[in-house]
C-alpha cells in the first residue's frame, strides 16, 4: 500500500527539516531500519510516497531546527498509535526555549483513524 506523507512548511521551503521512517515491530522485534524519505515539491507542499505493509506499525521521525513550523498529513490517513490522542494533520513547532526538536509519530498503515 502506498501512503503519501504531505508536509506543508509555514515558509514553503525545505530548509530546516528532515524526515525518516521505520517499521516498528515492538521492543522484542528486530532492530528498526531507518529509511530516508525523498520529497517532491508540489506547490507549497512536499510529498513523499512510502510503500508500506497494511496492518504494520510505522514511525515518522521529524527533525526541526529553530524557526521552522510544519503541518504533516497522510493520504490516506491512518490511525495514530502514539502519541495518544493525536490526529492528522499534525502541527510541529519548536518551543521558544529550544533550538531543535525531534518528533516521533507512530501509526498503523492501512488502519483508518
### Task
Would you point out which residue out of 55, 43, 67, 26 is surrounded by fewer than 11 Cβ atoms within 10 Å (Cβ to Cβ) and either touching a helix residue (DSSP H, G or I) at 6+ places or on another chain (Cβ under 6 Å) or more than 22 Å from residue 110 (Cα to Cα) (or both)?
43
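Any idea how many residues of region 90-113 are in a loop (DSSP other than H, G, I, E, B) and either free of Cβ contacts under 8 Å to residues at least 60 places away in the same chain or on the phi > 0 side of the Ramachandran plot (or both)?
Pass one, region 90-113, residues in a loop (DSSP other than H, G, I, E, B): 94-99, 109-113.
With either free of Cβ contacts under 8 Å to residues at least 60 places away in the same chain or on the phi > 0 side of the Ramachandran plot (or both) added as a condition, the list becomes 94-99, 110-113.
Matching residues across region 90-113 total 10.
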### Query
Can you tell me which residues in region 67-88 are part of a loop (DSSP other than H, G, I, E, B), touching a strand residue (DSSP E or B) at 6+ places or on another chain (Cβ under 7 Å) and modelled with pLDDT under 95?
68
### Message
One residue is enough: does region 39-46 have a residue meeting the conditions at pLDDT 95 or above, assigned to a loop (DSSP other than H, G, I, E, B) and either in contact with a strand residue (DSSP E or B) (Cβ under 7 Å, 6 or more places away or on another chain) or under 18 Å from residue 89 (Cα atoms) (or both)?
### Response
yes
## Note on the structure
Listed by first then second residue, the pairs whose first member lies in region 6-34 and is in contact (Cβ under 8 Å) with a residue 24 or more places away in the chain and on the phi > 0 side of the Ramachandran plot, whose partner is surrounded by 10 or more Cβ atoms within 10 Å (Cβ to Cβ) and not in a strand (DSSP E or B), with beta carbons under 7 Å and at least 6 positions apart or on separate chains, are 12/44; 16/67; 16/68
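The values are calculated or read from the model by the stated rules, or taken from the named source; none is laboratory data. Note that the coordinates shown come from a computational prediction; the quantities given were computed from them, not determined experimentally. Reconstructed Cβ throughout: ideal geometry from the backbone, glycine too, with neighbour counts over all protein chains shown.
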